[in-house]
Amino acid sequence: MSHVFSRAGGDLPVVARARGVQITDTDGRSYLDASGGAIVVNIGHGVAEVADAIAAQARQAAYVHPTAFASAEVSAYADELAEVLPIADPRVYPVSGGSEAVDTAMKLARAYHLARGEDRHVVIARQGSYHGNSRGALDVSGRAALRAPYLPWLGSARHTTTPYEYRCPFPDSHPVGCGARHAAELDRLIRTAGPVAAFIAEPVSGAALGACVPPEDYWPAVSAVCRAHGVLLIADEVMTGFGRTGRWFGGDHWGVRPDILVAAKGAASGYWPLGLVACTAEVHDAVVGAGGFVHGHTYSHHVVGAAAGRAVLRILHRDGLVTAAAERGAEFGDGLRSALAEHPSVGDIRGLGLLWAVELVADRATAAPYPRQERVVERVVAEARSAGLLLYPSTGCADGVDGDCFLLGPPLSATTAELAEIVTRCATAVRRAL
Ligand SMILES: Cc1ncc(COP(=O)(O)O)c(C=O)c1O
């Protein structure tokens, strides 16, 4: 018996190699990776240039403690990031992944207010959101099923409404004016929740609700509410960052200028466990000026992580992958719609750039979800896998328990032909399973 504490029950295929959009197992079976794992592999699998950059840095200096040495690699990475981040003159704090970045960002927000003499500690997030599985990140996450076993440890975060257009919480004003209603809800909660330090949200909801794109007026209105109350805006760009939605960062579609931004996944495209927190000079200077940020991780500011991040940035620039995501993403969405929109179990097809989701429903007229025990999305994903297609399932979008959807987030380097093949296999899997 294996000594691995596996994340999945049952037998899994054993990976042999991965190149571009394809993963091959040790039995020689190939899979089209339509979700880049968990929407991670933005530049595609097996890019030797990134492996070489990692190896070269590891040979030169694999690890130094970030309080003992500065690193030219980390400095260069932060400077290169500064050119694409939606924050003027940012300061970048690299970490090891998304949850760690979210926890770091929340502590930084509190440190900023403390530095200015304000004892603010409440963080507001959104219902149905996902921000990670560490205790702090789970507390701001709004996914009931993930929170349930750990509830005695949670409860300091508050949750407001989410722009989920297919199940809009404001049907009487939908679709025009929902953004203002969400902003009014946030305003009300900020006034009543106690001393609010920060509001954290994904520009486009990723895994938990399935690629929900907010209405046009959402981000301007919500950003204005945060500013009016001196509440820091934390943009969780873990899934939407680094070109995934067809802009460098998801918030760029609406000109969102966060005080703090967190990223991971696409930052190193899976080649290295890299996350990062970026903040404004104002946040940085306030915290450092008041004695420094009481925080740190053994693997923060990792020199090899910086080398991996730099190589990935270079490839995103050189191969025009952000523009590719915008252009091919629009075609991909059209393809999904023409292949699946008429299927009786498909309630909604939504997305932006190369981040898409298909929501499956028991009744299209009422948008009633399937009962969870029918394990509908699991059936579709299994059918797809047996036809050599990897999809990323998500459950609970409708009410925290019921609600099936699957995500598609192929590498931004996928060719038009590969994307068309993904659409074909995906439609076949839905038809066969349902
Ligand atoms: C939006 C968002 N934030 C945070 C996280 C947590 O990232 P990680 O799994 O790297 O801890 C995720 C992971 O899926 C995510 O999608």
Highest-fluctuation residue, Gly246, Gly177, Gly388 considered, GNM on the chain with Cα pairs under 10 Å: Gly177
Euclidean distance between Cα centres, segment 121-146 to segment 50-119, Å: 23 Å
Dipole in debye (nearest 20) - segment 197-321, about Cα centre, beta carbon charges: Lys, Arg +1; Asp, Glu -1: 400 debye
Pairwise FRET efficiency - Tyr299 versus Glu378, Cβ, R0 = 30 Å, nearest 0.05: 0.30
Fluctuation leader among Cys279, Cys397, Cys168 - the chain, Gaussian network, Cα springs under 10 angstrom: Cys168
Among Thr160, Ala221, Val64 the positive-end extreme of the charge dipole of segment 50-318 (Cβ point charges): Thr160
Local net charge near Ala368, Cβ-Cβ under 14 Å (Lys/Arg +1, Asp/Glu -1): -4
Calculated Rg and Dmax of the chain using C-alpha coordinates, Å: 21.2, 62
Estimated translational D of segment 147-300 in µm²/s (Stokes, Kirkwood radius over Cα pairs; 20 °C; 1.002 mPa s): 126 µm²/s
Per residue Cα convex hull volume in Å³ - calculated over segment 298-434: 141 Å³
Where the chain is the region considered: accessible area per residue in Å², 1.4 Å probe: 42 Å²
Surrounding net charge for Trp153, when Lys and Arg each add one and Asp and Glu each subtract one, Cβ distance under 10 Å: +1
Dipole-positive endmost among Ala324, Ala417, Ala433 within the chain (Cβ charges, Cα centre): Ala433
Cβ charges +1 (Lys, Arg) and -1 (Asp, Glu), total dipole of segment 303-425, debye: 520 debye
Contour minus Cα-Cα distance for Arg364 and Ser75 (0.36 nm per residue): 98.8 nm
Carbon and sulfur %, accessible surface of segment 50-318 computed with the full protein complex present, 1.4 Å: 55 percent
Given charges at beta-carbon only (K, R positive; D, E negative), |dipole| of segment 50-318 in Debye: 480 debye
Segment 50-318: antiparallel DSSP beta bridges as a percent of all, rounded to 5: 45 percent
Highest-MSF residue in the chain out of Gly117, Gly243, Gly329 [GNM, Cα springs under 10 Å]: Gly117
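The values are calculated or read from the model by the stated rules, or taken from the named source; none is laboratory data. Computed from a predicted structure; not experimentally measured. FYI the Cβ positions are ideal-geometry reconstructions off the backbone, even for glycines, and counts take in every protein chain you see. For the accessible areas, the whole protein counts, side chains as well, though only heavy atoms, and no ligand, DNA or RNA atoms are used. Shrake-Rupley method; radii C 1.70, N 1.55, O 1.52, S 1.80 Å.
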